[in-house]
Amino acid sequence: MSEPADATSGHDVPPSFADELRRRAAAFRACAETEGRAAGLFAGLDERGLPGMADMRSRSERAVRMLTQVASVNAAQALAYDEMIAAGGPDDARAYVEYEATTRRLLALMPADTLAD
């Protein structure tokens, strides 16, 4: 993550776009872990015969897969952004075209499950 630009200035360096993507990826992974625990709880309630818990477990498991996939895409996007910056940034046409192509490929990996049913 970003470090202070100058320890004596009292100003922090604003996070880069890649830093924000990494933070989002971490947040999605944390949500996936929480949802995974919920799925386990629903499974236990289903075993005890509570109606509707099998469906809740299934929805939670779907949510875990979706959240994990979104986290992975965000993390990969952060790496792609870092690579583009290292290769010359958005002003370098080749670096930007490669970044744009990677972005399109990653967007295609985003989950289509809306969890609405």
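The values are calculated or read from the model by the stated rules, or taken from the named source; none is laboratory data. The shown structure was predicted, so the numbers you read here are calculated from the model rather than taken from an experiment. Positions of Cβ are backbone-derived with ideal geometry, glycine not excepted, and every protein chain shown enters the neighbour counts. Surface areas here come from the heavy atoms of the whole protein model, side chains and all, with no ligands, DNA or RNA. Shrake-Rupley method; radii C 1.70, N 1.55, O 1.52, S 1.80 Å.
Numbers below:
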| item | result |
| --- | --- |
| Residue selected from region 13-52 under the condition at pLDDT below 95 and open to solvent by less than 80 Å² (accessible area, probe 1.4 Å), by the criterion farthest from Pro111 (Cα to Cα) | Val13 |
| Helices (runs of 4 or more DSSP H) enclosed by region 2-117 - at least 3 residues per element that are among the β-branched types (Val, Ile, Thr) | 53-86, 93-108 |
| Close pairs (7 angstrom Cβ cut-off, 6 or more residues apart or separate chains): in contact (Cβ under 8 Å) with a residue 40 or more places away in the chain in region 92-117, aliphatic (A, V, I, L, M) anywhere | Leu109/Val73; Met110/Val70; Met110/Val73; Pro111/Met66; Pro111/Val70; Asp113/Met66; Leu115/Ala63; Leu115/Met66 |
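Condition check ((1) open to solvent by less than 40 Å² (accessible area, probe 1.4 Å); (2) under 30 Å from Gly40 (Cα atoms)) across all residues:
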{"residue": "Arg59", "(1), (2)": "no, yes"}
{"residue": "Arg65", "(1), (2)": "no, yes"}
{"residue": "Thr68", "(1), (2)": "no, yes"}
{"residue": "Ala78", "(1), (2)": "yes, no"}
{"residue": "Ile85", "(1), (2)": "no, no"}
{"residue": "Asp92", "(1), (2)": "no, no"}
